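The block underneath contains the structure these notes are about, expressed in C-alpha cells.
The values are calculated or read from the model by the stated rules, or taken from the named source; none is laboratory data. Here the structure is a predicted model, which is why all the values come from computation and not from measurement. Note: ideal-geometry Cβ built from the backbone for every residue, glycine included; neighbour counts use all protein chains shown.
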C-alpha cells in the first residue's frame, strides 16, 4: 500500500515531459490554460522524435513567447519583438548544419515582423517559423492583433473588431503558401489536435533537415487570461470558433524527396 | 586557377599600395580581417561596401545576404555573430536609425557586431553624401544605456586600419563596435597601403560560437540561454552596473586620440573624422604665421579621450570646435571638460564640409 502511494507521489512530481524540455524551468511561466505550453509540448515531442535536440537553435520573440527563453534544453536566443526571423536567418546562414527555429506570436509574425516573415519566405530561407495565434497581444494586456476575429473584443477594440475600419484578420499560412516555392512546408495546426500539430511540426522540421525550403506552422492557441473566459468557453473558442476563420490543415506539402 | 586554390588564398597578401574609394577600402579591410559574413540593405553612401563585398566575398567563401531592411540586416548579422562568425553590416542616415534596434540588443547581450556608418545629411532623408550629424545617434543611439565603441577615422589608411581593429576590439571586449565614416570618405579616392594583418604582426582575435557550439546541450555542456528581458528592476540594475563598470575598466585600453602641436598651443582646435584634415592643414598654415595653435582629434568618440583632452587644454586660452553638424561633437567635448572655463568658439556647418581657409580665418579672428 505504501509502495503504491510512493509511486503515485513520484508520478505527480515528475509529469511526463518531452526529453528536450528543460526540467529546471518547469513548471513553465505561462498563465494557466495558455496555449503556448501545448504548442511547445508538440514542438518538444517533434524535436525528440527527430532526435535533433543537439542541433537545434531555438529563437523566441517578444510577447508571451519571450517566456520560452529557457524552455528547452537547447541553445536559445531571445530576440526583439518581430525580429526573431532575421536573427534565426542569420544563424542558419552562418551555420547551415544547425536546425534553426523561430518561435513567435501573431503580433510578432504578422504585424511588427511581417516584412521579415514575408521576405524570409520569399527567399526560401531554410528555417522553421512557428507562430502561436491566440488572436491578441497577450503579454501587453490583450490588445487587438492582426488575427483578432471580426467582432472580437479586445482592449483596443472594446466594442469588437470592426472589419470596415480594421480589415480582416490576417491569414498567415495562406499568405506564406502564396509566396513560397513548391518545396516549402506550410500548415495551420491547433492545440485542440496535438497529434496533428506534432506531425505538422515534425514535417516542418524535416523539411529544414532535408535542406529543401522554408517551413511555417501556425498553431491556434488559447489565451483565457485576455479572452476573459473560463475553461469551457476557452476550449469552445479554440476548438469551434477559431477554425471557422482559420482553417486547420496543410496548405503546402513538398513532394516526397527523391532517392 | 581552380576555385579551390582561390579559396585558400588570402584576399589581401603582403602589402600593396592602392588608390581606392573609402567604401572599397572597407570591403578589402573586412576581407583582410577575415570577416566571414555581411548582411546589408542599400542606402547611400555606403552601397559600394556591399558592391565590392558581393564581388569579392564568393571567391573566398564569405557570405552575403541582402535583407528587406536595416532591421533585418542588423538582426541577421547578429545571428551570424551569435553563430560564431566575424560578421558586419553597413548603413547610413535613416538606416542608422533602424540599425539602433539591433545594436541595442547587441549592447544588452554583448554581441560583438561591427557596424560601418557612412554619415549622410539629416534629419530625415535629407542629403545622400556628407555630414557629421550621426555622432550622437552612433555613440548613444540605443534605448537604455548600452555600452559601445565608436571609431572616427579621418583618411583612407585609417579606414583600413580601424576596420581591421574594429573586429578585434569587438571580439576582445564583446561590445558592439562602430566605424563612423562619412560620404566624402566613402566616395572619394585616395592612396593607402592595404595589407595582410599578419605581415604587420596584427593577430586577428579568434571568434567562437556564442550559440549552437559543439557538444550536446544538457548532457555534454549547459545549454546556452540568452535573453534581453528581465523580470525585476534589481536584476537589470545589476547587469547595467556590471556592464558599465567593465566598460570603464577597459576604456583606457581602447581610447585613442591624435594631438598636433598641442604642447604650447594657446588656441586648440577640436574636430573629428574628415574635418580634422582641414583643421590639421589650418594648424600648419597658422603656425607658419606664428600663431600658437594646435589641434586635438578624438579617434574614439566613445569612449571619449577625456584625460588626453584635459591635458591638451592646460596651456590653452581659447578653444575652437569645428564640425559638419550643429554641435554634436561639441556636446561630447563639453561633457568631457566639465569644470574647465576655457572660452569656446564654434564652426558648426551641419551637413556641409569645412575648409582649412575657414578655420584659418576663424582662428586669426580669435587670436
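Just to be sure before I move on: is residue A:160 free of Cβ contacts under 8 Å to residues at least 12 places away in the same chain, away from chain B (no Cβ under 14 Å) and either within 27 Å of residue A:56 (Cβ to Cβ) or out of contact with any strand residue (DSSP E or B) (no Cβ under 6 Å at 6 or more places or on another chain) (or both) in the structure I sent?
Considered against the rule, which asks whether it is free of Cβ contacts under 8 Å to residues at least 12 places away in the same chain, away from chain B (no Cβ under 14 Å) and either within 27 Å of residue A:56 (Cβ to Cβ) or out of contact with any strand residue (DSSP E or B) (no Cβ under 6 Å at 6 or more places or on another chain) (or both), residue A:160 comes out as yes.
Identify, please: which residue in segment B:194-222 is more than 14 Å from every other protein chain (Cβ to nearest Cβ) and in a strand (DSSP E or B) and is, among those, surrounded by the most Cβ atoms within 10 Å (Cβ to Cβ)?
Narrowing segment B:194-222 to residues more than 14 Å from every other protein chain (Cβ to nearest Cβ): B:194-206.
Restricting the remaining residues to those that are in a strand (DSSP E or B) gives B:194-195.
Numbers: B:194: 23, B:195: 20.
The residue in question is B:194.
Read through the list (1) free of Cβ contacts under 8 Å to residues at least 60 places away in the same chain; (2) more than 14 Å from chain A (Cβ to nearest Cβ), then give the number of the only condition that residue B:100 fails.
(2)
Okay, residues lined up against (1) under 17 Å from residue A:246 (Cα atoms); (2) within 14 Å of chain B (Cβ to nearest Cβ); (3) touching a residue at least 60 places away in the same chain (Cβ under 8 Å):
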| residue | (1), (2), (3) |
| --- | --- |
| A:120 | no, yes, yes |
| A:124 | no, yes, yes |
| A:131 | yes, no, yes |
| A:134 | yes, no, yes |
| A:142 | no, no, yes |
| A:146 | yes, no, no |
| A:151 | yes, no, no |
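If you scan segment B:328-354, which residues turn out to be out of contact with any strand residue (DSSP E or B) (no Cβ under 8 Å at 6 or more places or on another chain), under 26 Å from residue B:250 (Cβ atoms) and in contact (Cβ under 8 Å) with a residue 40 or more places away in the chain?
Within segment B:328-354, B:328, B:331 qualify.
Just a yes or no: is a residue in segment A:150-161 under 17 Å from the mean Cα position of the chain (by Cα) and part of a loop (DSSP other than H, G, I, E, B)? Let's see the steps before the verdict.
Restricting attention to segment A:150-161, the residues satisfying the condition of being under 17 Å from the mean Cα position of the chain (by Cα) are none.
Looking for residues that are under 17 Å from the mean Cα position of the chain (by Cα) and part of a loop (DSSP other than H, G, I, E, B), one finds none in segment A:150-161, hence no.
Among the residues that make up segment B:163-181, is at least one of them within 14 Å of chain A (Cβ to nearest Cβ) and either closer than 30 Å to residue A:63 by Cα or at pLDDT 95 or above (or both)?
Scanning segment B:163-181, I find no residue that is within 14 Å of chain A (Cβ to nearest Cβ) and either closer than 30 Å to residue A:63 by Cα or at pLDDT 95 or above (or both), so the answer is no.
Kindly indicate which of B:325, B:367 is more than 27 Å from residue B:289 (Cβ to Cβ), surrounded by 15 or more Cβ atoms within 10 Å (Cβ to Cβ) and either assigned by TED's automatic domain parsing to the domain that holds residue B:132 or touching a residue at least 40 places away in the same chain (Cβ under 8 Å) (or both).
B:325
Kindly indicate whether any position in segment B:261-269 is away from chain A (no Cβ under 14 Å) and within 30 Å of residue A:77 (Cα to Cα).
Checked against the condition, which is being away from chain A (no Cβ under 14 Å) and within 30 Å of residue A:77 (Cα to Cα), segment B:261-269 yields no hits at all.
Limited to segment A:49-63, what total is found for residues that are under 17 Å from residue B:217 (Cα atoms) and within 12 Å of chain B (Cβ to nearest Cβ)?
Total satisfying the criteria: 9.
For segment A:64-77, which residues satisfy the criterion of being touching a residue at least 60 places away in the same chain (Cβ under 8 Å) and more than 9 Å from every other protein chain (Cβ to nearest Cβ)?
Selection gives A:64, A:65.
Go through (1) in contact with a helix residue (DSSP H, G or I) (Cβ under 8 Å, 6 or more places away or on another chain); (2) within 14 Å of residue A:35 (Cβ to Cβ) one by one and return the number of the condition residue A:150 breaks.
Just one mismatch for residue A:150, condition (2).
Restricting to segment A:26-68, give me the number of residues that are in contact with a helix residue (DSSP H, G or I) (Cβ under 8 Å, 6 or more places away or on another chain) and not in a helix (DSSP H, G or I).
The initial filter retains those residues of segment A:26-68 that are in contact with a helix residue (DSSP H, G or I) (Cβ under 8 Å, 6 or more places away or on another chain), namely A:28-36, A:38-43, A:45-47, A:49-50, A:52-53, A:56-65, A:67-68.
After this cut, where a residue has to be not in a helix (DSSP H, G or I) as well, the list is A:28-35, A:52, A:56-63.
The number of residues fulfilling the criteria is 17.
On the given criteria, is residue B:133 out of contact with any strand residue (DSSP E or B) (no Cβ under 6 Å at 6 or more places or on another chain), at negative phi and either away from chain A (no Cβ under 14 Å) or not in a helix (DSSP H, G or I) (or both)?
Here the answer is yes, as residue B:133 does meet what is asked.
If you take just the strands (runs of 3 or more DSSP E) that sit entirely in segment B:259-321, which of them hold at least 2 residues that are within 19 Å of residue B:349 (Cβ to Cβ) and touching a helix residue (DSSP H, G or I) at 6+ places or on another chain (Cβ under 9 Å)?
B:267-270, B:293-298
Checking the conditions here, which among B:226, B:270, B:236 is touching a residue at least 40 places away in the same chain (Cβ under 8 Å) and either surrounded by fewer than 19 Cβ atoms within 10 Å (Cβ to Cβ) or farther than 23 Å from residue B:171 by Cα (or both)?
When all the criteria are applied, what remains is B:270.
Any idea which of (1) in contact with a strand residue (DSSP E or B) (Cβ under 7 Å, 6 or more places away or on another chain); (2) closer than 21 Å to residue A:120 by Cβ; (3) buried (at least 18 other Cβ atoms within 10 Å of the Cβ) is the one residue A:175 doesn't satisfy?
Result: residue A:175 fails condition (1) only.
For residue A:89, state whether it is buried (at least 21 other Cβ atoms within 10 Å of the Cβ), touching a helix residue (DSSP H, G or I) at 6+ places or on another chain (Cβ under 7 Å), at pLDDT 95 or above and within 8 Å of chain B (Cβ to nearest Cβ).
The answer is yes for residue A:89.
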